[in-house]
1. Just the residues that are over 13 Å from A5 (Cβ atoms) and polar (S, T, N, Q), please, taken from region 189-234.
2. Provide a single number: the residues in region 136-160 that are closer than 15 Å to V82 by Cα and surrounded by fewer than 17 Cβ atoms within 10 Å (Cβ to Cβ).
3. Do you know which residues across region 127-140 are under 19 Å from K27 (Cα atoms) and either of a type in the set (A, V, I, L, M, F, W, C) or not in a loop (DSSP other than H, G, I, E, B) (or both)?
4. Run I53 past the list (1) loosely packed, with under 13 Cβ neighbours inside 10 Å; (2) closer than 28 Å to I253 by Cα and report the number of the one that doesn't hold.
5. For I214, which of the numbered conditions (1) touching a helix residue (DSSP H, G or I) at 6+ places or on another chain (Cβ under 6 Å); (2) within 19 Å of T26 (Cβ to Cβ) fails to hold?
6. Can you tell me which residues in region 46-56 are more than 7 Å from the ligand (Cβ to nearest atom) and either assigned to a strand (DSSP E or B) or among the acidic types (D, E) (or both)?
7. Answer yes or no: is there a residue in region 28-45 that is within 18 Å of the chain's Cα centre (by Cα), within 14 Å of the ligand (Cβ to nearest atom) and farther than 24 Å from P193 by Cβ.
8. Can you tell me how many residues in region 12-25 are under 16 Å from G251 (Cα atoms), in contact (Cβ under 8 Å) with a residue 60 or more places away in the chain and buried (at least 17 other Cβ atoms within 10 Å of the Cβ)?
Amino acid sequence: MLLNASGCLDALAAADVARSLDAFVTKTVTPLPRAGNVPVRIAETEHGMLNSIGLANPGIDAFLTDQLPRLAELGVPIWVSVGGFCAEDYAAICDALDDRGEVAVVELNLSCPNVEEAPESAAEIVARCRSRIWKPLYAKLSPAVPDVAAVAVAVKDAGADGLSLVNTIRGLTLDERTLEPRLGTVTGGYSGPALKPIALAAVHACYRATELPIVGMGGVATGRDALELIAAGARHVALGTVLFSDPGAPGRIRAELAAEAAARGFAAPDAAHSVAHRVPVVITDDGTAAPIAPV
Ligand SMILES: Cc1cc2nc3c(=O)[nH]c(=O)nc-3n(C[C@H](O)[C@H](O)[C@H](O)COP(=O)(O)O)c2cc1C
């Protein structure tokens with residue numbers, strides 16, 4: 001399944017792009033409206049983009065009355081990204097979403113680098129939400145932790161049905177002439193091509209540790225990028241930064257993905273799922289396969 005990454009597509013402004021996806025993920029919604037951070041909030045760099053949007057959104061009440069009914073008219077499943085500043089913020093939004101038929105999945109944004117973090121752990125937030133919602137819950141994690149697989153196991157044990165990997169990583173960019181920070185908040189979330197190896201490592205480690213369904217994202221710009229995430233363990237792939245420069249990316253990447261999979265002998269892209277986890281084997285003298293002993 002091909003999705004957009006949260007915050008990287010305004011489906012109401014670009015309905016055709018949203019309809020070219022298998023599901024639409026909303027910008028993160030918080031309990032109260034947020035204007036977001038001071039400008040400048042986006043800066044391009046050599047290998048990616050820095051943003052410090054700061055979860056600008058209309059708040060859950062306006063989202064439910066104004067936006068959600070219009071998003072539902074797109075005809076694609078809607079995933080709602082949920083944010084907050086304490087576990088109860090997340091849980092209260094889950095309460096409000098649970099009986100909304102327009103919502104297919106709830107993605108808990110547990111990892112925005114541009115706002116203050118909730119004091120509770122990711123697992124505590126998932127556990128609190130799990131007790132308040134029946135819908136599938138995906139936990140979106142940061143790769144900027146010492147052991148992302150340990151966090152993945154903890155959120156699985158707390159009731160997460162899936163993982164979204166990865167969010168941006170904090171970065172800094174300086175003005176070429178003045179050498180002052182280009183973003184109003186000094187640092188921002190780094191996204192785009194440079195994130196791909198980090199995303200691959202996180203997906204690989206978290207799939208191995210949990211076998212949960214994973215939405216892989218981070219620097220996907222081609223079908224080959226998507227195929228690599230699937231091989232590392234992702235069931236679904238999300239497009240983020242690429243959508244800003246190429247709104248036609250979903251159709252292009254879908255076609256490239258099918259061709260890249262076929263070129264490697266896979267009947268369909270799904271057939272490449274988790275092949276990066278195959279244990280290398282040798283064929284022994286009696287013709288059976290045995291794992292290669294670690295050196
Ligand atoms: C401008 C911008 C806004 C974003 N807003 C959100 C957000 O509201 N919630 C969230 O979970 N992630 C947000 N992200 C992170 C993306 O969903 C994604 O995790 C990240 O950009 C990595 O994917 P990419 O390299 O393909 O962009 C945002 C990213 C960008 C570039």
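1. Listed by number, the residues that qualify are T210, T222.
2. Total satisfying the criteria: 1.
3. C129, L137, Y138, A139, K140
4. The number of the failed condition is (1).
5. In the conditions (1) touching a helix residue (DSSP H, G or I) at 6+ places or on another chain (Cβ under 6 Å); (2) within 19 Å of T26 (Cβ to Cβ), I214 misses (2) alone.
6. E46, L50
7. Yes, region 28-45 contains a residue that is within 18 Å of the chain's Cα centre (by Cα), within 14 Å of the ligand (Cβ to nearest atom) and farther than 24 Å from P193 by Cβ.
8. The number of residues fulfilling the criteria is 4.
The values are calculated or read from the model by the stated rules, or taken from the named source; none is laboratory data. On a predicted model such as this, the values are computed, not experimentally measured, just so you know. Cβ coordinates were reconstructed from backbone atoms using ideal geometry, including for glycine residues, and neighbour counts include every protein chain displayed.
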